[in-house]
Structures are given as C-alpha cells and as structure tokens.
Amino acid sequence: MLLVSPSLRFSFCFSLRLVRLVRLALVWCLQTVLLLGFLTHFTNQAECSSSSACPGLLDKMGDFLSPADGCVVLTGATGFVAGHIAEILLEKGYEVRGTVRDPSNEGKLAHLKALDARLPGTISFHKADLSSDDPFTEVAKGCVGMLHVASPAVFDAKDPEEAILKPAIAGTNSALRAAAAANMKSVVVTSSVAAVRPVQAKWDAEAAGEPVSKYTEEDWNDVATLDFGAYPTSKREAERAAHRFVEEQKPGFKFGTIHFPFAFGPQQNSRVTSSNNYISHLLLGEVPFVVPLCSDIVDVRDVAGAHVHVLENDVSGRFIVANDEEHFMYMSDIAASLKKNFPGFPIPSVTIPMPALEILAVVDDRISSYEVELARHCPGPRFDGSRLRDSGYVFQHTDVHETIREAGQSMIDFKVADGNRHLIPAAYVLIAIPFIVAGLLLWIISRCFFSGKKVKQN
Ligand SMILES: NC(=O)c1ccc[n+]([C@@H]2O[C@H](COP(=O)([O-])OP(=O)(O)OC[C@H]3O[C@@H](n4cnc5c(N)ncnc54)[C@H](OP(=O)(O)O)[C@@H]3O)[C@@H](O)[C@H]2O)c1
C-alpha cells in the first residue's frame with residue numbers, strides 16, 4: 001500500500017471525496033424536495049379547511065367561461081348559499097351584479113361589501129323581486145353568465161301558492177328570459193334535492209322490503225303537492241319551468257341545475273337563514289330534545305363551488321351535490337358533533353320518538369307534516385353525487401364534523417349563540433304535555449275511585 005505513488009493516492013482520494021460530495025448533494029436535494037412537498041401539502045390543507053380559498057377550486061379557471069369574458073348576475077345575493085358563491089366569484093376576479101330585494105338594507109349587504117373590499121373582483125347591487133314584472137332584463141344586459149339562486153325559502157306561509165309557488169316559477173322564467181335576451185353563454189339555476197326526492201315507487205319498494213337504488217339526476221319528486229310540501233313543490237315546478245323554457249325557446253346559453261341537501265357551514269354574518277338554522281336551534285338549546293330527522297349534508301362552500309364549476313365549464317344538465325357515507329346524519333349525530341366541540345352549550349342529546357315529532361309539527365309551524373313523513377322514511381336511499389364528480393368537480397370540504405364545527409364557531413363569533421339556553425314556546429308546550437297527560441290520568445283514576453265509593457254507600 002505504501003508503495004502506491006502519490007499521484008495515484010491523490011486521484012483515489014479525490015474521486016472518493018467527489019463520490020461522497022455527489023451523494024451528499026443528492027441526499028440534500030431529495031430532503032429539500034420532500035420537505036417542500038410536505039409543507040405545500042399541509043399549507044393547502046390548512047387553507048382548505050379554514051376558508052373557501054382552496055387552491056383546487058380557485059386556481060382552476062373554467063374551460064367555458066372566465067372573468068375575462070364579462071360580468072355575471074347572481075340573484076338573491078343576500079342569501080346564505082349566494083353569499084358563498086359571491087365569495088368564490090370575487091376571489092376569482094369576476095365582476096358580479098348581485099340582485100337583492102332591498103339595496104338599502106345595510107345589514108344584509110355589509111358582509112358582501114366587505115368581500116368586495118377584500119377580494120380582487122367587484123360586486124354591485126341591483127333591486128329585483130321575483131314577483132315583479134320584469135326584474136332581471138336590465139341587470140342582465142351586457143353580462144355573460146347568470147346564477148339564479150333566489151327562491152322563497154318559506155315554510156309556514158298561510159297562502160303557499162302566492163308566497164312560494166308563484167314567485168319561484170315566475171322568478172325562474174324571468175331569469176331565463178333575461179339571460180336569453182342578453183345572449184348569455186352560461187346559466188345555472190339553484191334547484192334542490194327536494195325536486196328529486198321522494199319518489200313514491202322507491203317508498204313502495206322500501207315498504208315491500210325490496211332493495212332500493214340511490215336517488216340520481218333521473219329522479220323527480222312525485223310525492224310533494226302544494227298542500228303536502230309546498231316548498232319542495234315550488235322547487236320542482238320552478239325547475240320544470242326552467243327545463244321547459246330551454247326546450248321550447250332554445251336559447252344560446254348552456255344550462256345546468258344544482259341539487260343539494262342540507263347545506264351547513266360558516267356564517268358570513270349574524271343573520272342565520274336556511275339550513276344553518278338547524279345548527280343554531282341546537283346550539284341555542286331552543287328545545288331540550290333532538291327531533292328524529294335525518295339528511296345528507298354538504299358544506300355550503302362545496303355547494304357554492306359546484307355552482308361556479310357548472311357555470312364555468314362545458315357541462316350541462318342536473319347535478320346532485322352529495323358526499324360520501326359519513327355525510328349522512330341524524331339530528332342526534334349533528335347534535336353530538338356540536339357537543340364535542342362546544343361542551344358548555346345547551347345542546348340537547350335525547351331524541352324524541354315519532355309521535356312526539358307529530359305533536360311538535362302541530363305546535364311548531366316550522367315542522368310540516370311533509371317533514372314528519374320524510375322522517376318516517378329515515379334513513380331511506382342516499383343521493384348519488386357521482387355525476388358532478390365525474391364532470392371534474394373536486395370536493396374541497398370533506399370532513400363533515402369540521403363543517404359543523406365551523407358553522408357553530410361562526411355563530412359564536414357573530415354572537416348568535418352565547419352559551420345560554422333559549423327555549424322557544426313550542427318547547428314549553430311539549431315539556432308541558434307529559435305533565436298534562438299525567439294530571440289527566442290522575443284525575444280519571446281519582447274520579448273512578450270516588451264514584452266506586454259512592455256506589456258502595458248506595
Ligand atoms: N340551504 C339549503 O339547505 C338548501 C337546499 C336545497 C336548495 N336550496 C336553495 O338554495 C337557494 C338559496 O337558499 P339559501 O339556502 O341560501 O336560503 P336563504 O338564505 O333564505 O336565501 C334565499 C334568497 O332568496 C331571496 N328571495 C326569496 N324570496 C324572494 C323574492 N320574492 N324576490 C327576490 N328574492 C327573494 C332572499 O332574499 P332576501 O334576503 O331579500 O330575503 C335570499 O337572498 C334557494 O333557491 C333554495 O331553495 C337551499
């Protein structure tokens with residue numbers, strides 16, 4: 001070994017160090033790549049679970065329509081779902097024309113104005129009532145797309161035909177007429193799973209113990225009538241009117257409808273409307289029990305994302321927004337999920353039986369006999385959301401418990417819920433019922449006892 005020449009020793013030593021250096025560089029590169037990948041993954045995850053600003057949705061521009069094409073009209077901009085649609089559109093840089101019933105109502109518009117100030121897009125407000133003669137033609141002029149979201153979500157109307165059905169149909173016809181007159185490229189109408197389910201044949205099959213397939217875009221609710229389920233009837237008939245308009249008038253725009261079940265998620269302001277009301281009822285402890293209702297659940301931000309996806313891409317027809325098995329819940333599951341995150345709140349845990357729900361439906365206008373019937377058919381077949389996924393939509397908020405937590409947290413942040421119990425009158429009636437029944441029984445027993453004595457004396 002000692003006899004090896006210095007030059008040979010040098011070159012051996014040099015190549016050994018070179019090999020070590022290259023190996024070190026390779027390991028360092030690999031570590032950096034892995035670390036960057038890891039960080040990017042978790043940054044994206046954190047963004048996705050905290051706001052609607054999910055890279056998958058916002059970075060992706062549609063293949064059919066984009067902000068560069070022109071403005072879009074968003075009807076009923078003050079609503080829960082529309083607010084989240086507005087957030088995505090503004091984040092993407094759209095010029096949005098929002099229609100509202102009362103543009104002077106600051107309380108309903110403040111959160112949208114805040115989004116306008118914070119995000120790249122712009123939103124302006126235009127007065128429009130669904131029942132007016134021609135509410136949308138003026139606002140639609142010059143725009144390329146429309147999301148018709150406004151619809152009366154009233155559940156205790158004295159005259160459901162005037163309050164719900166007529167405005168829903170008239171508003172949809174007006175929206176499509178205005179979109180056609182403006183030569184728009186793309187129109188999306190917000191329908192509901194209420195226009196899809198229930199189907200009597202599936203209920204019959206279920207009753208006969210036969211296997212029942214999931215609800216798909218092929219199904220139409222054939223159970224609801226104006227007297228039995230006015231709201232679902234309004235959604236079905238408004239959607240039918242829309243399909244009829246497209247078939248008969250053959251307008252130049254591409255057309256899609258969105259169907260979703262309970263949409264939960266963060267409030268953008270303190271005005272709780274729509275399905276988030278179920279969360280606020282529980283968080284406020286409005287009744288000391290849970291009703292035996294069940295439903296599929298989606299995150300409102302995915303509902304909004306699906307609207308924008310169908311608006312922007314070359315896809316048309318009906319699209320159900322439904323998630324995986326975990327997203328089917330009974331009210332008791334929702335209450336338990338809330339209780340886990342907000343243990344100090346008066347969230348009930350005991351589910352009342354069906355007969356008690358029937359009594360509640362009598363004393364509380366917000367629960368209809370139609371809902372009682374749906375509850376009777378729980379769990380029933382699920383919704384098949386594969387058509388939307390196959391069209392390229394990627395769900396952004398897939399943890400249902402996180403959706404429920406964020407809904408609850410936003411209500412606490414906006415001081416909707418303060419940790420105190422806020423019983424509603426119907427709850428007092430229901431609490432009183434067992435005492436009244438017990439009192440009546442005692443009275444009957446005592447009457448029998450005394451009348452028995454009298455018979456003996458005679
Ligand atoms: N949330 C759900 O779980 C769910 C499920 C399926 C389908 N949907 C559908 O989703 C859409 C949005 O509802 P939402 O959940 O966001 O409820 P929401 O918060 O109550 O919003 C309803 C919107 O419609 C507007 N509107 C009602 N009647 C109107 C009329 N006559 N003229 C003009 N605007 C009127 C309301 O305006 P004001 O602010 O002036 O009242 C509000 O902006 C509706 O089409 C609803 O049927 C909701």
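Looking at (1) within 30 Å of His377 (Cα to Cα); (2) in contact with an Asp or Glu (Cβ under 9 Å, 6 or more places away or on another chain), can you tell me which one His126 breaks?
(1)
For (1) among the hydroxyl-bearing types (Ser, Thr, Tyr); (2) farther than 14 Å from Ser234 by Cβ; (3) modelled with pLDDT of 95 or more, each residue gets a yes or a no:
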site: His111; (1), (2), (3): no, yes, yes
site: Thr122; (1), (2), (3): yes, yes, yes
site: Ser131; (1), (2), (3): yes, no, yes
site: Val139; (1), (2), (3): no, yes, yes
site: Gly142; (1), (2), (3): no, yes, yes
site: Glu162; (1), (2), (3): no, no, yes
site: Ala179; (1), (2), (3): no, yes, yes
site: Ala194; (1), (2), (3): no, no, yes
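Which of the numbered conditions does Val223 fail, given that it passes all the others? Conditions: (1) among the β-branched types (Val, Ile, Thr); (2) within 20 Å of Ser275 (Cα to Cα); (3) away from the ligand (no atom under 16 Å from the Cβ).
Val223 satisfies every listed condition except (2).
Do you know which residues across the stretch 394-439 are under 19 Å from the mean Cα position of the chain (by Cα) and in a helix (DSSP H, G or I)?
Val400, His401, Glu402, Thr403, Ile404, Arg405, Glu406, Ala407, Gly408, Gln409, Ser410, Met411
Under the condition of being among the acidic types (Asp, Glu) and closer than 25 Å to Ile352 by Cα, which residue from the stretch 285-303 is surrounded by the most Cβ atoms within 10 Å (Cβ to Cβ)? Break it down stepwise before answering.
Taking the stretch 285-303 and keeping what is among the acidic types (Asp, Glu), we get 286, 296, 299, 302.
Applying the additional criterion that residues be closer than 25 Å to Ile352 by Cα yields 286, 296.
Numbers: Glu286: 18, Asp296: 24.
Taking the candidates together, the pick is Asp296.
Hey, can you tell me all the residues within the stretch 244-280 that are out of contact with any helix residue (DSSP H, G or I) (no Cβ under 9 Å at 6 or more places or on another chain) and either under 22 Å from Arg366 (Cα atoms) or among the hydrophobic types (A, V, I, L, M, F, W, C) (or both)?
Asn277 - this is the single residue of the stretch 244-280 that is out of contact with any helix residue (DSSP H, G or I) (no Cβ under 9 Å at 6 or more places or on another chain) and either under 22 Å from Arg366 (Cα atoms) or among the hydrophobic types (A, V, I, L, M, F, W, C) (or both).
For the stretch 90-112, name all the residues that are within 15 Å of the ligand (Cβ to nearest atom) and under 23 Å from the mean Cα position of the chain (by Cα).
Within the stretch 90-112, Val96, Arg97, Gly98, Thr99, Val100, Arg101, Gly107, Lys108, Leu109, Ala110, His111, Leu112 meet the criteria.
From the list Lys254, Lys250, which residue is away from the ligand (no atom under 15 Å from the Cβ), surrounded by 21 or more Cβ atoms within 10 Å (Cβ to Cβ) and of a type in the set (Lys, Arg)? Write out each step before concluding.
Details: Lys250 fails: surrounded by 21 or more Cβ atoms within 10 Å (Cβ to Cβ).
The conditions single out Lys254.
Taking the conditions exactly as written (in a helix (DSSP H, G or I), closer than 13 Å to Thr78 by Cα, within 15 Å of the ligand (Cβ to nearest atom) and touching a strand residue (DSSP E or B) at 6+ places or on another chain (Cβ under 7 Å)), does Leu176 satisfy them or not?
Criteria not met by Leu176.
Just wondering, is there one or more residues in the stretch 256-264 that are out of contact with any strand residue (DSSP E or B) (no Cβ under 7 Å at 6 or more places or on another chain) and among the hydroxyl-bearing types (Ser, Thr, Tyr)?
First pass over the stretch 256-264, keeping only residues out of contact with any strand residue (DSSP E or B) (no Cβ under 7 Å at 6 or more places or on another chain): none.
Checking the stretch 256-264: not a single residue is out of contact with any strand residue (DSSP E or B) (no Cβ under 7 Å at 6 or more places or on another chain) and among the hydroxyl-bearing types (Ser, Thr, Tyr).
Between a residue in the stretch 142-154 that is in contact (Cβ under 8 Å) with a residue 40 or more places away in the chain and among the aliphatic types (A, V, I, L, M) and any residue that is in a strand (DSSP E or B) and within 8 Å of the ligand (Cβ to nearest atom), which pairs come within a Cβ distance under 8 Å, given they are 6 or more apart or on different chains?
Met146/Thr75; Leu147/Thr75; Leu147/Thr190; Val149/Thr75; Val149/Thr190; Ala150/Thr75; Ala150/Thr99
Give me the pairs, please: first residue somewhere in the stretch 97-124 and free of Cβ contacts under 8 Å to residues at least 12 places away in the same chain and of a type outside the set (Ser, Thr, Tyr), second residue anywhere and within 14 Å of the ligand (Cβ to nearest atom) and not in a loop (DSSP other than H, G, I, E, B), beta-carbon distance under 6 Å, and either six or more positions apart or on two chains.
Pairs that qualify, where the first residue is free of Cβ contacts under 8 Å to residues at least 12 places away in the same chain and of a type outside the set (Ser, Thr, Tyr) and the partner is within 14 Å of the ligand (Cβ to nearest atom) and not in a loop (DSSP other than H, G, I, E, B): there are none.
For the stretch 113-132, which residues satisfy the criterion of being surrounded by fewer than 20 Cβ atoms within 10 Å (Cβ to Cβ) and within 13 Å of the ligand (Cβ to nearest atom)?
His126, Lys127, Asp129, Ser131, Ser132
What single numbered condition from (1) within 11 Å of the ligand (Cβ to nearest atom); (2) surrounded by 18 or more Cβ atoms within 10 Å (Cβ to Cβ); (3) closer than 21 Å to Ser275 by Cβ fails to hold for Leu165?
It is condition (1) that Leu165 fails.
Could we say that Phe136 is within 15 Å of the ligand (Cβ to nearest atom) and closer than 20 Å to Arg271 by Cβ here? It would help to see each step written out before you state the result.
On the way: within 15 Å of the ligand (Cβ to nearest atom): yes; closer than 20 Å to Arg271 by Cβ: no.
No.
For Ser270, work out the one condition from (1) in a loop (DSSP other than H, G, I, E, B); (2) over 20 Å from Ile404 (Cβ atoms); (3) among the small types (Gly, Ala, Ser) it doesn't fulfil.
Tallying (1) in a loop (DSSP other than H, G, I, E, B); (2) over 20 Å from Ile404 (Cβ atoms); (3) among the small types (Gly, Ala, Ser), Ser270 fails exactly one: (2).
How do the pairs read when you match residues in the stretch 304-317 that are among the polar types (S, T, N, Q) with residues anywhere that are part of a helix (DSSP H, G or I) and modelled with pLDDT of 95 or more, using Cβ under 9 Å and keeping only pairs 6 or more apart or on different chains?
These pairs meet every condition: Ser316/Val310.
Being within 11 Å of the ligand (Cβ to nearest atom), modelled with pLDDT of 95 or more and of a type in the set (Lys, Arg) is true for just one of Arg244, Arg240, Arg301, Arg271. Which residue is that? Even if it seems obvious, please write down each step before you answer.
Numbers: Arg244 fails: within 11 Å of the ligand (Cβ to nearest atom); Arg240 fails: within 11 Å of the ligand (Cβ to nearest atom); Arg301 fails: within 11 Å of the ligand (Cβ to nearest atom).
Selected residue: Arg271, the only one of Arg244, Arg240, Arg301, Arg271 that is within 11 Å of the ligand (Cβ to nearest atom), modelled with pLDDT of 95 or more and of a type in the set (Lys, Arg).
Of the residues His281, His307, His259, which single one is near the ligand (Cβ under 10 Å from one of its atoms) and either of a type in the set (S, T, N, Q) or out of contact with any Asp or Glu (no Cβ under 8 Å at 6 or more places or on another chain) (or both)?
Details: His281 fails: near the ligand (Cβ under 10 Å from one of its atoms); His259 fails: either of a type in the set (S, T, N, Q) or out of contact with any Asp or Glu (no Cβ under 8 Å at 6 or more places or on another chain) (or both).
Residue meeting the stated conditions: His307.
Determine which member of the set Val149, Val196, Val154, Val187 is touching a helix residue (DSSP H, G or I) at 6+ places or on another chain (Cβ under 8 Å) and more than 9 Å from the ligand (Cβ to nearest atom). It would help to see each step written out before you state the result.
Numbers: Val149 fails: more than 9 Å from the ligand (Cβ to nearest atom); Val196 fails: touching a helix residue (DSSP H, G or I) at 6+ places or on another chain (Cβ under 8 Å); Val154 fails: more than 9 Å from the ligand (Cβ to nearest atom).
Of the residues listed, the single one that is touching a helix residue (DSSP H, G or I) at 6+ places or on another chain (Cβ under 8 Å) and more than 9 Å from the ligand (Cβ to nearest atom) is Val187.
The values are calculated or read from the model by the stated rules, or taken from the named source; none is laboratory data. No experiment lies behind these values; they were computed from the predicted model shown. Quick reminder, even Gly has a Cβ in these numbers, built from the backbone with ideal geometry, and neighbours come from all protein chains shown.
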